[in-house]
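Scroll down for the structure; my scribbles are underneath it.
The values are calculated or read from the model by the stated rules, or taken from the named source; none is laboratory data. In this text, all values refer to a predicted model and were calculated from it rather than measured experimentally. Neighbour counts are summed over all protein chains in view; Cβ atoms, including those assigned to glycine, are modelled from backbone coordinates with ideal geometry. Please note that ligands, DNA and RNA were not included when accessible areas were found on the heavy atoms of the full protein model with its side chains. Shrake-Rupley method; radii C 1.70, N 1.55, O 1.52, S 1.80 Å.
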Amino acid sequence: MAVDEARRAELAAGLEQVRQRIAAATREAGRVDEPTLVVVTKFFPVSDLVALAELGVTDVGESREQELHEKVDALREARPDLLGTPTRHFIGQLQSKKAKRVGSLVDVVQSLDRPKLVPLLDAAGSERDTPLDVLLQVDLEEESRGRGGVSPADLPSLAEAAEQATGLRLRGLMAVAPRDEEPERAFARLADIRENFLTNHPEARVLSAGMSGDLEAAVKIGATHLRVGSAILGSRPAAR
Ligand SMILES: *Cc1c(COP(=O)(O)O)cnc(C)c1O
């Protein structure tokens, strides 16, 4: 898990660039509060995660259960000091049979997208000292392709179920802009969905939107969390 110095410098440079983009977008949007940067480390080794933590990254995201599990095990073994911080987010599609375990390995599940997951994550949350933070992932596709996310029509009932679960704390929404649409257009829909959602769930103000290619558009609509991978870590290796 030793960190290669050249890699550390590369990550530091990527991080600096993205931080500047975020600062510029925040100014441009006339916002005072900068969104939280969640660095997405999926497909990259745990040594990168360690380097990023040492570079001051406060939040990291993973999207695959197996990989998350291996990384947490590796940290437990070699760097237990990094188990509590950075804050770990799960941002990938959740399989029901893995949901409880994921809930036990992270601080925030951003991809709660169907009622069936609520009792599974609730069970994980109930075993912790504090409830598990969850975001509801909204599907922004105009015609769903099953890539994850609850339809805007089904969002209110899912939100209700999450709020009833005592092991969970409903913190807000997450979304991914569809690939074949201008992000500004998709995020405009997201802003409307969120406004509506906040009338019933005024405390759940987190909005996780924006990735390497569209973070500026997300900052503009009030994203509180950005999930950035490749702009910091480089292009991901092909699926293992
Ligand atoms: C991989 C991933 C990201 C990061 O994407 P980049 O384009 O590499 O910044 C963000 N959100 C989700 C849900 C992802 O799966």
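By the rule of a C-alpha distance below 16 Å, with chain neighbours fewer than 8 residues away ignored, the lysines paired with Lys100 are Lys116. In order along the stretch 14-30, the Karplus-derived 3J(HN,Hα) couplings, from 6.51 cos²θ - 1.76 cosθ + 1.60 at θ = phi - 60°, round to x, 5, 4, 4, 5, 4, 5, 4, 5, 4, 5, 5, 5, 4, 4, 7, x Hz, and Gly and Pro are given as x.
Computed with a 1.4 Å probe over protein heavy atoms only, the accessible surface of the chain comes to 48 Å² per residue. Dividing the mean sequence gap of close Cα pairs (under 8 Å, 6+ apart) by how many residues the stretch 81-240 holds gives a relative contact order of 16 percent. Between Asp129, Asp192, Asp48, the Gaussian network model of the chain with springs among Cα atoms under 10 angstrom shows the greatest mean-square fluctuation at Asp129.
Annotation note: GluC sites (Glu not before Pro) in the stretch 121-160 located in DSSP loop regions with a Cβ neighbour count of at most 14 within 10 Å are Glu127, Glu142, Glu143. Near Glu65: Cβ cut-off under 12 Å, other residues only, Lys/Arg at +1 and Asp/Glu at -1. The net charge is +4. For the chain, the percent of C-alpha pairs falling in each 10 Å distance bin, counted from 0 to the bin holding the largest distance, reads 8, 33, 37, 20, 2.
Is the shape of the stretch 2-108 best called rounded, prolate or oblate, per the rule: a/c under 1.5 gives rounded, else a/b larger than b/c gives prolate, else oblate, with a ≥ b ≥ c the square roots of the Cα gyration tensor eigenvalues? Judged from the Cα gyration tensor, the stretch 2-108 comes out oblate (a/c at least 1.5, b/c at or above a/b).
For the stretch 152-157, the Karplus equation 6.51 cos²θ - 1.76 cosθ + 1.60, evaluated at θ = phi - 60°, returns couplings of x, 5, 8, 4, x, 6 Hz by residue, with Gly and Pro reported as x.
Computed on the stretch 158-240, with alpha-carbon pairs under 8 angstrom and 6+ residues apart, the relative contact order is 25 percent.
Among Arg114, Arg185, Arg145, which one shows the biggest mean-square fluctuation in a GNM of the chain, springs joining Cα atoms closer than 10 Å? Per the Cα network of the chain with a 10 Å cutoff, Arg145 tops the list. Charged neighbours of Leu226, selected by a Cβ distance under 13 Å, balance to 0 (K, R count +1; D, E count -1).
Contact order for the stretch 96-177, expressed relative to its length and based on alpha carbon pairs under 8 Å spaced 6+ residues apart, stands at 34 percent.
Of the whole protein surface, Asp107 contributes about 50 Å² of accessible area at a 1.4 Å probe radius. A helix-only calculation puts the chain at -13500 deg cm²/dmol for mean residue ellipticity at 222 nm, using -39500 (n - 2.57) for each DSSP H run of at least four residues, averaged over all residues. Placing a label point 7 Å from the Cα of Arg205 along the Cα-to-Cβ line, the residues of the stretch 129-166 whose backbone N sits under 19 Å from it are 133-136. Split the accessible area of the chain by element, probe 1.4 Å, and carbon with sulfur accounts for 49%.
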